[in-house]
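The structure under discussion appears below in the form of structure tokens.
We did not get these values from a lab; they are worked out from the coordinates using the rules stated. In this text the structure is predicted, and so the values were computed from the model without any measurement. Every residue, glycine as well, gets a Cβ built from its backbone with ideal geometry; the counts of neighbours run over all protein chains shown.
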Amino acid sequence: MPLPRDLWVTPLTGTVGGYLASLAGWPLPWMVGSLLAVIAIRCLTNRPFSELPGGRKTGQWLVASGIGLHFTSEVLEQVISHFPVILIGAICTLLLGLIGIAILRRSGVDRATAFFASMPGGASEMVNLALRHNAQPARVAAAHSMRLLLVVLLIPALFTWSLPDVPAPVRAPVDWAWLIGLLAAGGVLALLWGRLKQPNPWMLGPLTACAVASASFDLHLGLPAGLGQLGQWLIGCALGCHFDRAFFRSAPAFLARVLLFTLLAMLAAALLGEGLGWLVGEDHLSLMLGMMPGGITELCLTAEALQLSVALVTALQVLRLFLVMFLAEPLFKLWCKHHA
């Protein structure tokens, strides 16, 4: 299949946006800047410029590999010892979907659409479940896209600007012999998970491969300078291609309610994280960040940039994702049965 002739527009626009955002000191500049620039050019020109083939998967592969390298043996021991806290936090985050269900149902949205549009994560899987239960898949997809856009734009900025100046992180050593092997293993595991229809394979596959190796061999390695920014840029460019004039003009009242319940869910997650941190004596900022309603990549990158507990944030997000995957449909059926 021939490549689109306008394929150069998206990466060039993303590069300009990422560079300007880095000059402005914006948090996660190469992801947020490229995202906003691609959205702006698509909306201003009203043309559906193409995304780079495989761009988001490649970006997730690189970013997830870097996140997985944070899981040293000491960090993994801490995560295991704090599993009850992580489980409570993940369940509380799952319950935040009740806010969206209540708001959408009061506005007349059907039960299935309101339910699957309000789940905090697993966008593609929720669209598939929406199709299975006669919901409106376009609205479910739009709700999850809007939620992800708000998380990317607001959470890194709010956490960065509300904290005192964070010193530049100390770069972990780079060992190309290990990195090439781990990147290859992560790619193979992602392909395998994709064939098995597992959620978010290009995030969870490389993350698992690097985390297991890092903890097993106590590697204390990191990605070379620039590779993480490349992953951010690829993700930002790909995310921007989901938005155009038609998206923002489709059902504006519905999108406004999605905006409202997402902001309320973020506020509730922050309060729950603060309260849970106070009760158990854990890092409340990491708990707050980990309990935000998706997505895994963006929140883990924020934790890394602010030198918070990347492992704790990752564990909370991954566990919540699996809870959503396995519990969403049974809970919806139970709700329908109870209503009947």
(message) Give the separation of the Cα centroids, segment 219-236 to segment 254-327, in Å.
(response) 22 Å
(request) Just add up the charged neighbours of V63: K/R +1, D/E -1, any other residue whose Cβ is under 10 Å from the Cβ of V63. (result) -2
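Which peptide among 320-329, 270-279, 72-81 comes first, and what is the full order, when sorted by highest mean count of other Cβ atoms within 10 Å?
Answer by packing, highest mean first, reads 320-329, 270-279, 72-81.
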(request) Sort the following peptides by mean Cβ neighbour count (other Cβ atoms within 10 Å, averaged over residues), highest first: 244-256, 113-125. (result) 113-125, 244-256
(request) Quick one: net charge around S34, please, counting Lys, Arg +1 and Asp, Glu -1 for every other residue with C-beta under 12 Å from its C-beta. (result) 0
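Where in the chain are the DSSP H helices whose C-alpha atoms run 24 Å or more along the long axis and whose mean Kyte hydropathy is at least 1.6?
Working: long enough: 137-162 (36 Å, 1.35); 176-195 (28 Å, 1.49); 252-280 (41 Å, 1.80); 310-339 (41 Å, 1.22).
Length and hydropathy pass: 252-280.
Can you work out D for segment 17-75 in µm² s⁻¹ from Stokes-Einstein, where Rh is the Kirkwood radius over C-alpha pairs, the temperature is 4 °C and the viscosity is 1.567 mPa s?
Details: Rh = 13.5 Å.
My calculation gives 96 µm²/s for D.
Among the trypsin sites (Lys or Arg not before Pro) within segment 1-87, which fall in a DSSP loop and have no more than 16 other Cβ atoms within 10 Å of their own Cβ? Walk me through the numbers on the way to the answer.
Values: sites: R5, R42, R56, K57; in loops: R5.
Taking segment 1-87 and a limit of 16 other Cβ atoms within 10 Å, the loop trypsin sites (Lys or Arg not before Pro) found are R5.
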